[in-house]
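Here the structure is laid out as structure tokens; the discussion comes afterwards.
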Amino acid sequence: MRDFEFKNPTKIIFGKNKIAALAKEVPANARVLILYGGGSIKKNGVYDQVVAALKDHHVEEFGGIEPNPEYETLMKAVRLIREKSINFLLAVGGGSVIDGTKFISAAATHSGDNAWDILEKSIRTEEGKGMPFGAVLTLPATGSEMNSGAVINRSEIKEKRTMGGPGLFPVFSILDPQVIHTLPLRQIQNGITDAFTHVLEQYLTYPAHAYLQDRFAEGILLTLIEVGPRVLKDPTDYEAASNFMWCCTMALNGLIQKGVPTDWATHMIAHELTALYGIDHARTLAIIAPSLYKYKFENKKDKLAQYAERVWGITSGSLEEKAEGAIDQTVSFFHQLEIKTRLSEYTDHYQGTAKIIAKRFEERGWQGLGERRDIKPDDVYQIVEMSY
Ligand code: NZQ
Ligand code: ZN
């Protein structure tokens, strides 16, 4: 096992009807800005619960944060914060609203002139420097509710960039699994796929003799395989919903990646597909991951075979056969969730995509992705071509 440090300061408040806890979790004298998306929270009662809980607080609102949160929109919120002397942010939504809030938290306390630097130059927000914020999660998927990362879109230049740092963890996050009742099926499919792939990014690398981390990862994968189809069939199945929600959080709150190598190349390549074609984040992962596993088969085959045995129950055949079987099972699982795994199934304009993405990586100087940092722009080209 590798050496590591681990600190996750986010307080999780999990369970039925826990939104009421906002009344005491948000500091009494705070000037609060509630941030939300396109309005789902106004239809499903979440907004009413938030407003009721904060009835004795000073509250302002900012709605309209898009899926794949837009830089320009978020900058409007930063201006509002200055106008209204806001000092506490409350994200109410899915990954996009929470990520957007992290960017706003960083931008509101950023001393430079150009907030885009936070994304372009990967300026990491130091501990304690972001404006404090809490979250009410409405969509289990990204893990953003318990991590300090964010992904921000800028459509005008077709860029989607990652950011984060130790000063950008939510102070608290409220997880009421009942919020999934109103999720469109497509978003539940996305959530299962995103969380599943988060685990694979931190698990399908090479053996690091980290027995517990491997079993944490396998436990999340097995649980998602068990409860995913149940939540799709009946989102009001609380037992399934609560397990699904906690899996998504645990998949990306930093715990399972400690002491082990991590990959993340699937995510970095896949973000480009959202930037170029607006494809849902989770679906871009399902497009790239299988090709990446095939392309980096030699690097990954030991862990693929372990995944085959322990998660998919494939016990016969050579190591290579098991490893191949695991990739096939992963694709079948995505298909079972009705997630398509080929770029050409999402856009007719896929020709040339590999070249565009490889060139972008070259221009950004991204010379080595993956757990061995050996995925160069030429390899990115091959992986994307295999995904058409
Ligand atoms: O905008 P509203 O009206 O709220 O509707 C949203 C949105 O249209 C809707 N929704 C959310 N909760 C709902 C609901 N509809 C009905 N009932 C509810 N309870 O769902 C739609 C999608 O929401 P979004 O927040 O975009 O989805 P998700 O949570 O999947 O977030 C995706 C974003 O997170 C980033 C992705 O790149 C993408 O931009 N990620 C963030 C990560 C992180 N911070 O760690 C890691 C991930 O890998 C990912 O990159
Ligand atoms: Zn993801």
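By the equivalent-ellipsoid construction on the alpha carbon gyration tensor, the chain comes out with semi-axes of 33, 24, 19 Å, ordered largest to smallest. Between K7 and R230, the simple label model (points 7 Å from Cα in the Cβ direction) yields a spacing of 3.7 nm. Tell me the Kirkwood hydrodynamic radius of segment 235-388 in angstroms, computed as one over the mean inverse distance between distinct C-alpha pairs. The Cα-based Kirkwood calculation yields 16.8 Å.
In percent, what relative contact order does the chain have, based on Cα pairs under 8 Å that are 6 or more apart in sequence? Once divided by the residue count of the chain, the mean separation gives 15 percent. Summary value for segment 185-386: 23 percent relative contact order, contacts being C-alpha pairs under 8 angstrom separated by 6+ residues. With a simple spin-label model that places each label point 7 Å from the Cα along the Cα-to-Cβ direction, the separation between T162 and K359 comes to 2.4 nm.
What does the convex hull of the Cα atoms of segment 11-178 come to per residue, in Å³, rounded to a whole number?
Numbers: hull volume 16.8 nm³, N = 168.
It comes to 100 Å³ per residue, whole-number rounded.
R0 = 30 Å: FRET efficiency of H58 with K129, Cβ-based, nearest 0.05? Could the numbers behind the result be given before it?
Values: r = 23 Å, r/R0 = 0.78.
After rounding to 0.05, the efficiency reads 0.80.
Partners of K296 within straight-line reach, counting aspartates and glutamates whose Cα lies under 18 Å from its Cα and excluding those fewer than 8 residues away in the same chain: E201, D263, E320, E321, E324, D328, E371, D374, D378, D379, E385. Please give the Cα centre distance for segment 119-191 versus segment 287-353, rounded to the nearest Å. Taking the Cα centre of each part, segment 119-191 and segment 287-353 sit 27 Å apart. Fully extending the segment from H349 to L319, taken as 0.36 nm per residue of separation minus the present Cα-Cα distance, adds 7.0 nm. Would you list which aspartates and glutamates come within 15 Å of K16, measuring only between C-alpha atoms, while excluding same-chain residues fewer than 8 positions from it? Result set, ordered by chain and number: D176, D237, E239.
Derived scalar couplings between HN and Hα for segment 304-317 equal 4, 5, 5, 4, 4, 5, 7, 9, 9, x, 8, 10, 9, x Hz in order, rounded to whole Hz, by the Karplus curve 6.51 cos²θ - 1.76 cosθ + 1.60 (θ = phi - 60°), x for Gly and Pro. Near T109, the amide H atoms lying under 5 Å from its own belong to M131; only residues 5 or more places off or on other chains count, and H is placed 1.01 Å from N.
Could you tell me which of the pairs K18/K129; K158/K355; K102/K376; K7/K258; K18/K43 are separated by over 20 angstrom between their Cα atoms in the structure shown?
Numbers: K18/K129 28 Å; K158/K355 15 Å; K102/K376 30 Å; K7/K258 10 Å; K18/K43 18 Å.
Violating the 20 Å limit, Cα to Cα: K18/K129; K102/K376.
Our note on the geometry: Cα centres of segment 1-25 and segment 230-247, 20 Å apart. Phi-derived couplings, Karplus 6.51 cos²θ - 1.76 cosθ + 1.60 at θ = phi - 60°, listed residue by residue for segment 230-235: 5, 5, 5, 6, 8, x Hz, with x used for Gly and Pro.
Protein heavy-atom accessible surface, 1.4 Å probe, per residue over segment 185-386: 40 Å².
Helices in the chain, meaning DSSP H runs of at least 4 residues, each add -39500 (n - 2.57). Divided by all residues, the mean residue ellipticity at 222 nm is -15000 deg cm²/dmol.
Antiparallel versus total DSSP beta bridges in the chain: what percent is that, nearest 5? Of the beta bridges lying entirely in the chain, close to 25 percent run antiparallel.
Our coupling estimate for segment 27-43, obtained by passing each phi through the Karplus curve with A = 6.51, B = -1.76, C = 1.60 and θ = phi - 60°, is x, 4, 9, 6, 9, 9, 10, 7, 10, 8, x, x, x, 4, 5, 7, 8 Hz, Gly and Pro reported as x. To put it simply, the accessible area of the chain at a 1.4 Å probe is 49 percent carbon and sulfur.
The values are calculated or read from the model by the stated rules, or taken from the named source; none is laboratory data. Every value quoted in this text rests on a predicted model; they were computed, and no experiment measured them. Note that each Cβ is placed from the backbone with ideal geometry, even for glycine, and that neighbours are counted across all protein chains shown. When the accessible area is computed, the model is the full protein with side chains, heavy atoms only, and any ligands, DNA or RNA have been set aside. Shrake-Rupley method; radii C 1.70, N 1.55, O 1.52, S 1.80 Å.
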